[in-house]
Amino acid sequence: MNYRDRIIQLKKTKNAIILAHYYQIAEIQDIADYVGDSLGLAQQASQANSDLIVFAGVHFMAETAKILSPETKVVIPDIEAGCSLADSCPPEKFSAFRNKYPDHIVISYINCSAEIKTMSDVICTSGNAKQIVESFPEDQKIIFAPDKNLGAYINNITGKNMVLWDGSCEVHDILSTEAIINLKIEHPDAKLVAHPECKAQVLELADYIGSTTAMLNFTKTDHTQKYIIATETGILHQMRKNSPKKKFIIVPTDETCSCNDCPYMKLNTMEKLNKCMEDEVPEIKLDDKTIELAKKPINKMLDISRKLNLIK
Ligand code: 13P
Ligand code: SF4
């Protein structure tokens, strides 16, 4: 039996649900019960009604699922699937940073460890960052962590002056501005669609900025036929599936490899997915105190998002 058939069988026998991010390889996206951005995935995890959550994504996403569904076993195909952005914010250093601003609240992007979440007042994702920030009074002082690019973008569009932690995503931060300018000259009829983890020089050139789900919805409903896509390559699978007649050009990086695959997301393979479902390891484990403290700011985000109809 091939991996696909075996995984489908395991889903049934183990009453398991596979949650996958858009940056996963196409075969994994196609076998998942739900494919989405971090906000959608968190919401799905909070409503999961299965005995096993198989998280095809990176560690902080699987951790979020565990925090939201602590009674359910959560496994991930490769425990090494981390995130450079989450890693750029070590808890001890962040704690010292936060202590320098006692009158500030902390809004953390969901791409951070459970420990950082326990030090946060509310979590946000790229799908709701603007609305979460705007849900606080105008004069509220805010620390935004860990993504300086997303934080600077939100400062820019809201007129806020949040204090930013100096972190970034190694995939989005090296997308080449020069390559984008050249692609725009070569394809003047194309729109540039960018993820807010990209640096400001890239975002300034964009026709549309949004989370992976928002980018996907934009390319689906917009009438242009050609798009330059500034994010990780995995999103192209759904874009092409949804709009088979449209042309999508992925922005290369500044590095010579020109590969903007997230090295962590792409650690997950069909073989590892099959094995983690068979053996139910590696499992995400968190202590009760961390779950209790980290759950509050995530639930606050979900509540605000529900009230604003960003999720159902
Ligand atoms: P989204 O929530 O927009 O899918 O982003 C997650 C991520 O890790 C982007 O690098
Ligand atoms: Fe983290 Fe960047 Fe990979 Fe997203 S693309 S999971 S932010 S390293």
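Results, tabulated for the structure shown:
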item	result
Cα shape, the range 1-51, gyration tensor, a/c 1.5 rule	oblate
Antiparallel %, DSSP beta bridges [both residues in the chain], to 5	5
Other-chain or far-sequence residues with amide H under 5 Å of residue 109's (modelled H)	124, 145, 147
log₁₀ of I(q)/I(0) at q = 0.08, 0.09, 0.18, 0.20 Å⁻¹ - the range 1-146, Debye sum with one point per alpha carbon	-0.26, -0.32, -1.03, -1.20
Cross-link partners of residue 184 among lysines (Cα-Cα below 16 Å; sequence separation of 8 or more within a chain)	226, 247
Hz values of 3J(HN,Hα) by residue in the range 297-306 - Karplus curve (6.51, -1.76, 1.60), Gly and Pro given as x	x, 6, 5, 4, 4, 5, 4, 4, 5, 5
Sequence-separation-based contact order of the chain, relative, with Cα cut under 8 Å and 6+ spacing, percent	22
From phi via Karplus (6.51, -1.76, 1.60), per-residue ³J(HN,Hα) for the range 155-163 in Hz, x at Gly/Pro	4, 5, 7, 10, x, 7, 10, 5, 7
The chain - mean residue ellipticity at 222 nm from DSSP helices (-39,500 (n - 2.57) per run, n ≥ 4, rounded to 500)	-12000 deg cm²/dmol
Long-range HN-HN contacts of residue 76 with modeled amide H, under 5 Å	55, 284
Shape of the range 208-312, Cα gyration tensor, a/c cut at 1.5	oblate
Added length on full extension, which subtracts the Cα-Cα distance from 0.36 nm per residue, residue 104 to residue 224	38.9 nm
Where labels lie 7 Å past Cα in the beta-carbon direction, separation of residue 261 and residue 80 in nm	1.4
Shape category assigned to the chain from the gyration tensor of Cα positions, a/c cut at 1.5	oblate
Sparse-neighbourhood loop sites, trypsin sites (Lys or Arg not before Pro) in the range 53-151 - DSSP loop, at most 11 other Cβ within 10 angstrom	100
Cα lying deepest toward the dipole's positive end in the chain, options 72, 172, 114, charges on Cβ	72
Residue 30 versus residue 140: modelled label distance in nm, points set 7 Å from Cα along the beta carbon direction	4.4
Contour excess over end-to-end distance, with Cα ends at residue 296 and residue 283 and 0.36 nm allotted per residue	2.4 nm
Separation of the residue 207 and residue 182 label points, Cα + 7 Å toward Cβ, nm	2.1
Separation between Cα centres of the range 88-163 and the range 223-240, rounded to whole Å	29
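Read-outs: derived from the displayed coordinates by stated rules, not from any lab. From a predicted model like this one, the values you see are computed outputs, not experimental measurements. Please note: Cβ atoms are built from the backbone with ideal geometry, for glycine as well, and neighbour counts cover all protein chains shown.
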